[in-house]
Structures are given as C-alpha cells and as structure tokens.
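The values are calculated or read from the model by the stated rules, or taken from the named source; none is laboratory data. All of these numbers come straight from a predicted model, not from anything done at the bench. Quick reminder, even Gly has a Cβ in these numbers, built from the backbone with ideal geometry, and neighbours come from all protein chains shown.
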Amino acid sequence: QVQLVESGGDLVQPGGSLRLSCAVSGIHFSIYVMGWYRQARGKRELVATITNDGRTTYADSVKGRFTISRDNAKNTVYLQMNSLKPEDTAVYYCHPQSTPSWGQGTQVTVSS
C-alpha cells in the first residue's frame, strides 16, 4: 500500500520561504518520476517534477523561485519554495507519476 506523507506547510509572509517534504513508502521510490502539485479554488496545478536521475521541470509560475529535489536513500522528495507570493497559497501534494496515489497534502498560506 502506497503512503505519501507531506509536511512543512505553514503560514508565511510574502517574500518568505518554506521547505516541503514528502515521505513515500510502499513503492520502489527511486524508479518513479515524482511530482509536486497544488490545489486552490478547486483547480489542481502541476508545480514541478523530478526524474529518478534528477532531471527537473517547473511550471512557469514558479520557475526561479521553487526547487524540487529528492533523496532516494530516504524515499523523500522536497520542494524548496522561496520568494513566496499570495498566489502560491494552496494545498500542496506530492504524487508518484503514473500511479493513482495521493497523500493528504500540506497547506501553504502566504499572507501578511
């Protein structure tokens, strides 16, 4: 059974930073492309992806501000978020691509 546990969400002021983590179990983590998604106002958006060998992609809205990384030894994927904006407010989820598995998400709120 796949388990995805996201953490690190918080209330932060505009311009601030957060680091999200997602601990993954129940799958052979290192072979999967991992993605971070966010959902706000009923719309889910792909934020970033990382392949098993570290190649990354980003949504245009977060390029230059967010960095996705992974530690295959710890079965964990991270999302470093800098220069946060109010429009980054959302519930953030990690997701192993090509699987039906989702975690509970972690809330990020950017507000002064």
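Close contacts from region 45-59, counting a first residue that is within 14 Å of residue 80 (Cβ to Cβ) and a second that is small (Gly, Ala, Ser) and in a loop (DSSP other than H, G, I, E, B), with Cβ to Cβ under 6 Å and a gap of 6+ residues or different chains, come to 47/59.
Using the structure shown, decide if residue 37 is of a type in the set (Phe, Trp, Tyr) and in contact with a His (Cβ under 8 Å, 6 or more places away or on another chain). Considered against the rule, which asks whether it is of a type in the set (Phe, Trp, Tyr) and in contact with a His (Cβ under 8 Å, 6 or more places away or on another chain), residue 37 comes out as yes.
Residue-wise test of (1) surrounded by 15 or more Cβ atoms within 10 Å (Cβ to Cβ); (2) within 14 Å of the chain's Cα centre (by Cα).
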residue	(1), (2)
10	no, yes
13	no, no
43	no, no
48	yes, yes
89	yes, yes
105	yes, yes
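Considering only region 42-58, I want to know if a residue exists there that is at pLDDT 95 or above and closer than 15 Å to residue 2 by Cα. No, region 42-58 contains no residue that is at pLDDT 95 or above and closer than 15 Å to residue 2 by Cα. Of everything in region 15-41 that is under 15 Å from residue 87 (Cβ atoms) and of a type in the set (Gly, Ala, Ser), the residue that is surrounded by the fewest Cβ atoms within 10 Å (Cβ to Cβ) is 15.
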